[in-house]
Amino acid sequence: MAISLAKELGKNPWQAFASCYQKRLKLDVRNPNWMMLVTSLNDIPDARVVLLKDYGVDSGFVFFTNYQSAKSQELMTNDRASLVFYWDSLCYQIRIKGRAKKISRHLCEEYFNKRTRLSQIGAWASLQSQPLASREQLLTRVDEVGTKFNKKSVPCPPHWGGWRIMPEKFEFWKEAQGRLHERVTYLWQDQTWKMELLYP
């Protein structure tokens, strides 16, 4: 008889996530760190895929973006957010709810300095989420920034940085025959994780 999802995951959702994520990384798939970020402004939800760059008990789930982007503006107004990981190759879905916080400037600069030069230039050139007249307009801005920093290191823009989602709830879902899927939730209460099974 197959081991149940609850026994497979254990009592610590961070360890459970790490185990699942490492299985994902071992697969030959493109962008294994894709995650769906859901924000809400004025009770209107908004979703998009971002790239997970770090995770852990202390760091939360970290991604980087323009602080003037729609997602950042929404998080500055309402810090509640959700994440969804769906890994078809593993028959897994992981949902996370929590609160968003900006990461330190030092960590933003540290990560920015590891990016490719074109990505660094793009962070300066893109007025993220703002209307764009044409593709050529963006490429012109890229050329202008490239010229400005010609033969110089590209500094981290003041309007660019990272967010961490600090989870308050995890839900692990595993596909099963007959749509009798397994669902396990972890809720942070009284300084500990409370585990519960859910009907599919």
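About its Cα centre, region 116-155 has a charge dipole of approximately 180 debye under the convention of +1 per Lys or Arg Cβ and -1 per Asp or Glu Cβ, with nothing else charged. Taking label positions 7 Å along the Cα-Cβ direction at both R115 and S89, the computed distance is 2.6 nm, reported to one decimal. Add +1 for every Lys or Arg and -1 for every Asp or Glu among the other residues with Cβ under 12 Å from the Cβ of C20, and state the total. Charge balance near C20 sits at +3.
With K and R counted +1 and D and E -1, the other residues having a Cβ less than 13 Å from that of K114 yield a net charge of 0.
When you filter the chymotrypsin sites (Phe, Trp or Tyr not before Pro) in region 91-154 for DSSP loop state and at most 15 other Cβ atoms inside 10 Å of their Cβ, you are left with F149.
Label-to-label distance for R179 and S4 is 2.3 nm, based on points extended 7 Å past Cα in the beta-carbon direction. Selection among L180, L132, Q73 by position relative to the dipole of the chain gives L132 as farthest towards the positive end (Cβ unit charges, Cα centre).
Charges were assigned to the Cβ only: +1 to each Lys and Arg, -1 to each Asp and Glu. The resulting dipole of the chain about its Cα centre is roughly 420 debye. Per-residue extension of 0.36 nm, minus the Cα-Cα distance of K53 and S153, leaves a gain of 33.8 nm for this segment.
Here is how the number arises for the chain: DSSP H runs of 4 or more residues each give -39500 (n - 2.57), the sum is divided by the residue count, and the result at 222 nm is -8500 deg cm²/dmol.
Within the shell defined by Cβ-Cβ distances under 14 Å, the residues around R99 carry a net charge of +3, with Lys and Arg each +1 and Asp and Glu each -1. Between R179, R80, R115, find the one with the highest GNM mean-square fluctuation for the chain; connect C-alpha pairs within less than 10 Å. Maximum fluctuation in the GNM of the chain, among the listed residues, is at R179.
The length gained by stretching the chain between V142 and N33 to full extension, at 0.36 nm per residue less their Cα-Cα distance, is 36.6 nm. If R0 is 30 Å, the Cβ-Cβ spacing of A70 and A18 corresponds to a FRET efficiency of close to 0.50.
Where a number appears in this text, it was derived from the coordinates with a stated rule and is not lab data. Keep in mind the model is a prediction, meaning the values are calculated, not measured. Every residue, glycine as well, gets a Cβ built from its backbone with ideal geometry; the counts of neighbours run over all protein chains shown.
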